[in-house]
1. Can you give the FRET efficiency to the nearest 0.05 for C:ARG35 and D:MET191, using r as the Cβ-Cβ distance and R₀ = 60 Å?
2. Per DSSP helix of 4 or more residues, -39500 (n - 2.57); summed, then divided by the residues of chain D. What does that give at 222 nm, rounded to the nearest 500?
3. Using +1 at the Cβ of each Lys and Arg and -1 at the Cβ of each Asp and Glu in segment A:168-245, identify which of A:LEU219, A:CYS181, A:TYR230 lies farthest towards the dipole's positive end.
4. Give me the base-10 log of I(q)/I(0) for segment B:104-159 at each q in 0.16, 0.23, 0.28, 0.29 Å⁻¹, Debye formula, one uniform scatterer per Cα, rounded to two decimals.
5. Determine the dipole magnitude for segment D:106-427: charges of +1 sit on the beta-carbon of Lys and Arg, -1 on that of Asp and Glu, nothing else is charged, the reference point is the Cα centre, and the result goes in debye to the nearest 20.
6. Under 12 Å from a point 7 Å along the Cα-to-Cβ line of C:ALA171: which residues of segment C:226-255 have their amide N that close?
7. When Lys and Arg each count +1 and Asp and Glu each count -1, what net charge do the other residues less than 12 Å away from C:ALA150, Cβ to Cβ, add up to?
8. Please compute the modelled spin-label separation between C:ARG163 and C:THR275, points set 7 Å along Cα→Cβ, answer in nm with one decimal.
Amino acid sequence: MDWHILAQQLVNGLTLGSIYGLIAIGYTMVYGIVGMINFAHGDVYMISAYVTAICLAVLFSFGIDSLPFALLATLATTMLITAAYGWTIERIAYRPLRGAPRLAPLISAIGMSLVLQNGVQLSQGAKTQGVPSLIPATLRFGEGNDFVQITLVQCMIVVVSLTSMAALTWLIQRTSLGRQCRATQQDRRMAAILGIDTDRIISTVFVIGAAMAAIAGVLVTLNYGSFDFYIGFVTGIKAFTAAVLGGIGSLPGAMLGGLILGLSEALFSGMVNTDYKDVFAFSLLVLVLIFRPTGLLGKPEVEKV
Amino acid sequence: MDHPSFPRCLLAVALAGGLSLSGLAGAADTIKIGVAGPMTGGYAAFGEQFWRGASQAAEDINAAGGINGKQIELVKGDDACEPKQATAVANRLLDQDKVAAVVGHFCSSSTIPASEVYADAGVLVITPGSTNPKVTERGLVTVFRMCGRDDQQGPLAADFIVKELKAKKIAVVHDKDTYGQGIADAMRDRLKELKADNRVVLYEGLTRGEKDFNALVTKIKASGADTVYFGGLYNEAGPLLRQLREQGLKVNFLSGDGSLDPAIVTAAGGPQFVEGAYMTSVREARNIPASQAVVKKMKDAGFDPSGFTLYAYASLQAIADSMKGAKTSDGAKLAKWLKSHTVPTVLGPKSWDGKGDLKDTSFSLFVWEPDGTYKEMRK
Amino acid sequence: MTTDPIHPPLLEVTGLTMRFGGILALNDVSFEVKRGSISALIGPNGAGKTTVFNCLTGFYKATEGQIALHTSRAAIDLINILGQPFRASDFVNPAAFADRLYYKVFGGTHRVTRAGVARTFQNVRLFKEMTAIENLLVAQHLQLNRNLVAGLLQTAAYRQSERDALERAYAWLKVFGLAEDANRLAGELPYGHQRRLEIARAMCTGPRLLCLDEPAAGLNPRETTELSELIRRLRDEHGVTILLIEHDMGLVMGLSEHIVVLDYGEVIADGDPRTVAHHPAVLAAYLGTEAVNDDAS
Amino acid sequence: MPSTAASPATRGVRWNPVFRQAVLEATAAFALALLLLGPIVGLVLDGYEVKNELQRPLLIAAIIAVGRFLVTLAMHTPTGQAALERFNARRRQPGILVVSISENNRQRWWLLVIVALALSLPFLASKYWLTVLIQAMIYVLLGLGLNIVVGLAGLLDLGYVAFYAVGAYGLALGAQYLDLGFWSALPLAAMLAALFGGILGFPVLRMHGDYLAIVTLGFGEIIRLVLNNWLEFTGGPNGISAPPPQLFGLEFTRTAKDGGMSFHEYFQISYDPLHRFIFIYLALFLIVCLMVVVVTRLRDMPVGRAWEALREDEIACRALGINHVLVKLSAFMMGAMVGGIAGVFFATYQGFINPMSFNFFESALIVAIVVLGGLGSTTGVIVAALVLTVLPELLRAFADYRVFTFGVLMVSMMIWRPRGLIRPRRRAFEVKGLCP
């Protein structure tokens, strides 16, 4: 394989992986703190794509033509609304099930996912929607036929996701809120005894996860330009796989899992076959879990006897 | 007691079933016609097109006096493009709603099992969108289609690629779906006849519903292809085109009628990405004279009759005309009538061969203009 | 350490070492448990008692050392049957390879129990949503007719086997004074009953060595006395050897014939209660901590 | 939002603060609803522009606010509080009921009525409802199979649909390549599915809880993707046709294959596709009954008890000498086998299958059946399977809102009954002379 092809595939994998990583954070945080798979998270990401497009369209219709302002305003609005979705979903579908058998919230999450998908379909119609290409700039390295071409948005995806990842890590490691989160994650009852409002912390985690998905939604919408009400499903499953691969419950693990999944998908479809890239991704997951049962960065489970 | 015993639950289910059994007895002065397609799920856009088109047709026919004095009443059936639901819907349309004919099913994989059910019951079915050859190749008398076959448009593209574009290296991409892979394979078969199949340097599938095809695009680049043929729908064709251009590949792009839709401009993120792409399709439905009035009416009502909308419209017209002509709703007789008459439809006059395929499906080539519209190429 | 080759002790632990990452949890622990004895393993918190237990019962794989269980037929290496990683030498010796592969695939904790070691847990581990009697039936799993076809067709042999199991289970419930609780959910029983039920369940596996991990934890004094009676009866009437971990010094001193004292993962004393109680190292380890508290209580 | 819980003695409610609280909550609900629904429901994308439909979210938000207001008020009336109390009390109930055999026997005659009803249904129902019933029966079978894995052995399997697919494709491919008929394919496909269960299960069954769930999900997707991509063998997305069932070599088709005899010719009656469905229904009913008996007996057998014990506490199981991997594997394989049988029936009933029918949603639906039924309860699984298959069909009347409503119902059913519709029962043992 030529260097420029390999480099291009690495770029492809990195951008895809960063997006998986951002969405995986929502899965991993929620799983870490309440131990449930939030199947509706993929659809929260889908909602954020819609909100992005709606927001941009509204801003442009008001004649705002400063692109940086429009983008920042869109990002802020999308994060706000998507976070509200995260909060509400937790409130409606999961909180009443606290203390219920383990599988009950899983089923209500699947139900919630159906509600979100079809709710959006009913109100926005089923067709593929899109936003115009706003940042057409590309960077080109190399000459003649041997070149690597990267769009500015792709660079943005990698940079923004790494930055938000770092910010989130700081939030969890260094702030009081983060300490409360970690305490709740380790032992919810003990945290409650120590005066932590665990319900509020769980809500916060849903909000943070949704906000991360919103960042992903904005970036993806800018990058690919199109989306429909069904994108949450495929991406959601992939992101969840990434979260497990990296070690569910671990923030850097989510990012690492996302990057590995993205890179392996890109390289596998580049070198072997596109048809079976998902088969490869899932086989990779199975293999990793056989040899490292708690994922790459997950804490090894010490059997408490 | 708070745990409902099994018998009680069963009773509740049976009661609920019974209620809906009795609830739907049709009025005698209407003719019920089913419209079946993916109304929910990932393909719901096409179901919406079916429904809008058929509804408009029913409205227009009813306004003109209906069929033999009876009004048309449409019944919606959702199959979500899943074979299982398709047969369930087919049975429901026949049994519960007592439909006299069906416009329907979009995905070939739904149309095939469902048409067995219709044929078994002797009910006429016209599919506006299933292009798989198998739909009409199974000797079912009452099954018709209002669209072309995969093995008709693929060859046209192949001829163009070899004779006009003189492509040296061809990459064939499909969406692993019955339709997309069907036309891609038909194209490849024609290349074989033209002794050009050694020019295919890549043959791969992408996953429907995904938006990231960058890895595939890079692979196309690595293969050195100068022409890409895509078998699939605009939902994937748009992002694929965009990513081809964004990675700086200046290749020819061809696709089938599933991609020839203004929505591809939205899906790609702007007309600059689709400019210069070629697509095969039957005569563009919205541009032919016969359809202008309907197109205007629907656009005024706020729905752009894109994709299969007008095909659904025409399907209902054909059903109505055959019922008027044969003065019956018996599927076998309607089928016989349709095979021996030409029906004026919104898509122009249509007639069918013995298998239920359209006789005149002359496909032609379209090319996208810089302003996000497309025009038919000169022959 | 001397061993009588004709009447070896039931359990022989030599040089047991256990590392968790860099932490040395057990260091060269050696002791033995005589057939038909009641022995105790004591030591301050964190001394490594439960780790020894977990190594004995196959929940941890010891880093080094041997654990030999001398049954009437043969000596069983309790570490080997957990399944060992392959060694270079295995690849030239097919027999050793096959042996190791077999234990790697089919070996595990359950093999230790099958060899005749049963245990209870510090925090009671019952099948909470099953009835008491079902708990005991599960424990008899290995002795029952497990033929699927026989079970599905309910053959006479199968029904006989189930009837026997049920009777055995009731018999054990009676021994432990739990007959009234037979059809109650294990999770809904009072705590003391749960403790006893867990021992009954362990007995149902037909063990030679019964390991009790703090059996008296959480029991009131009356229940503790009853328990110590019960443990003695198990040994006297049912011929089982008992090894227990316990913090309640009264119980340990009154009940056990042999005591092993652990501190910081090492055996600091080993002998009968009186010797151990006056052993300077033990006094040093306990002084001001548990020994005082226990004497006071 | 402030809590709505107040002291139970509310005879003399002071309505003023209650009223204020209700207004506050209603306003908050209104604002939140507007924030959530405003853009998504109110601003409809149309190309790169939006259409203003803001009256829709306003209306919905107003309805929500009024609803919230009334609910808050109602919660302060004695009736409302009593209802809330009852609701919470029900949710706190323990999950399991221990029932003695004699008590169980009292329900036997109901069983007879149900069997008689079920046997007469195909002759009463229309073809449509018959097909719905067949669907429901297939789901009952799937539910029973997955119940062994999830309900009894406690292994969350999110890729159960893989075995369903193996069964279905076993029949279709067996008929195509090996010329197998329905009845010969049935046991073979079942065994094949069990074998798949064994092969897939063995390496992963040492994993814990949700890791197992995601790995099985991966397996489900792998099988579907292979079926979809392996064009030469499986027909890929084009699907493959499956043979109709036979009764002693008689085919249920309009015209029999060469040399064969069709059912209606043999009995000299006119052809009716209904015959085929009645036959499938009856055969399926037989298998379901058989399966219910098998599962009931398995639960009382050593292996069944070991499954449940494993669900309760794996570590304790190991301490009792139970080989947890093999016991889990047996549950996995048994479940897979039942899934395979269901797949064969699905294929023969459909006559045509393609990978679309075996997607993740299907797995989720089967898990929902097991959970909604009340983990481990056979009756619960049957009821839930009937509910979850008949319900979407009844909802067809809602047309566009069908799947949406289904989702809403799924969430509310879980909130209403987090432990499932039916409480699992345990058998109480009686031993003569020993039982006090």
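The values are calculated or read from the model by the stated rules, or taken from the named source; none is laboratory data. The shown structure was predicted, so the numbers you read here are calculated from the model rather than taken from an experiment. In this analysis, Cβ positions are derived from the backbone assuming ideal geometry, glycine residues included, and neighbour counts consider all displayed protein chains. With ligands, DNA and RNA removed, areas are computed over all heavy atoms of the protein, side chains included. Shrake-Rupley method; radii C 1.70, N 1.55, O 1.52, S 1.80 Å.
1. Details: r = 49 Å, r/R0 = 0.81.
Efficiency for this residue pair is about 0.80.
2. -22500 deg cm²/dmol
3. A:CYS181
4. Rounded to two decimals, the profile gives -0.44, -0.80, -1.10, -1.16.
5. Roughly 1140 debye, rounded to the nearest 20.
6. C:238
7. Combined, the nearby Lys, Arg, Asp and Glu give +2.
8. Taking the simple label geometry, C:THR275 and C:ARG163 are separated by 5.2 nm.
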